[in-house]
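Take a look at the structure set out below.
What follows is calculated from the coordinates using simple rules that are stated; it is not laboratory data. Predicted model, so just to flag it, every value in this text is computed and none were measured. Ideal geometry is used to build each Cβ from the backbone, glycine not excepted, and the neighbour counts take in all protein chains shown.
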Amino acid sequence: MVAAAKNWQVAAICGGWQTGRVTDGQTSTVRGDAELIARAGHLFDAVHEEFACAARDLATWSAPETRGALARRVLSHGRADRVTVRKLMSPVALADEAQRAHLRQLGPGAQVRISSAPLPHETIIIDRRVAILAGQPSPLGREYTVTTSPALVGGISSLFAAAWEAATDLGAFLSGVVPDLPAEAREVLRTLGAGLTDEAAARRLGTSLRTYRRRVADLMAALEAGSRFQAGVRASELGLAH
């Protein structure tokens, strides 16, 4: 089990904390939100000390209301004052104002930090005894790996702790580093990342060449970049280039 845990941890780090299909007495894989809730929903009712979550953004769940329902289960039964909630997010979560607002409005006991390092689709750690890892999106439903293996949960918790210590508090991060890009600016960013010529990019976006170049200039100003290359680098650093 120790050797397997080490191999899994290496795969987790190199593969962006992705999951594989494994099933044993302590680790199992389910597919889709509904199956996860049916098989492991009771775990969210049993949080006593800490609920930790690392995620690229807030779009893990196929049904947005599922996230809210689970959050209420975690903090129900008078546990709001006793449970520590820690959320570690990628800067890409801040590109959308609705996600920014959600993170700002978390309860007073919640701690939110922003990590510049790559994060998984979502990893949840409950009281350092249970870990739930979300896999890649799929037409058949996202896979979730649930484990209570002490070796695996310990390794995942260590990875989370290291990323948490290196991350920046949400308030400090928002104080002047992440611009709120409108949808049209994100579209321009994608065309720059695709390496299109101005003419091809303008055609793709259905705008005139003059309008497209103005939007590029606006994007560079928003990112405080002196060139298109610098804009791409800056967007990548902030997690806005995905």
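Numbers at a glance
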quantity	calculated
Kirkwood-based shape ratio for segment 147-209, expressed as Rg/Rh from alpha carbons	1.30
Label-to-label distance, nm, for residues given as residue 200 and residue 158 (7 Å Cα→Cβ offset)	4.6
Descending semi-axes in whole angstrom, ellipsoid equivalent of segment 183-237, from the Cα gyration tensor	18, 11, 9
